[in-house]
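All remarks here apply to the structure that follows.
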Amino acid sequence: MSQGVDVPDDDAMEVDTEGVESDHAPIDCSGKSIEDLHNLLSTSKMTLGDLRAALAEEDDKVARFRKENARRKHNFIPFIIQLLRGLAKKKKLGPLIDSATEKAKNKQPGQK
């Protein structure tokens with residue numbers, strides 16, 4: 001899941017920067033040695049990898065948020081009612097209530 005952005009697997013990527021404001025000016029490659037150009041290329045590849053990792057993290061975060069929101073919006077009341085009815089039918093609800101009441105009475109103030 002990439003939030004509507006397709007990122008190719010290869011490191012060669014054409015980017016359309018028309019109309020995009022950037023803090024970085026285009027790099028002037030004239031007069032640079034091959035070693036300098038290789039250094040620039042490796043730096044840009046590392047940056048691309050960092051961006052892909054950040055995008056993957058954001059995708060994971062969105063997936064967690066969607067799952068959490070689904071849980072938060074689900075109505076658990078019918079499930080709880082059926083659970084209590086099932087326990088009552090098997091005669092297990094009364095003892096559970098009694099033990100919970102006893103634990104609450106024995107609990108000292110300030111303890112969780």
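Neighbours of Lys73, meaning other residues whose beta-carbon lies under 13 angstrom from its beta-carbon, give a summed charge of +3 when Lys and Arg score +1 and Asp and Glu score -1. In order along the stretch 82-92, phi translates into HN-Hα couplings of 5, 4, 5, 5, x, 5, 5, 5, 8, 6, 10 Hz, rounded to whole numbers, per the Karplus curve 6.51 cos²θ - 1.76 cosθ + 1.60 with θ = phi - 60° and x for Gly and Pro.
Every read-out reported here was derived from the displayed coordinates using simple, explicitly stated rules and does not represent laboratory data. These numbers come from a predicted model, not from an experiment. Glycine also receives a Cβ, built like all others from the backbone with ideal geometry; neighbour counts cover every protein chain displayed.
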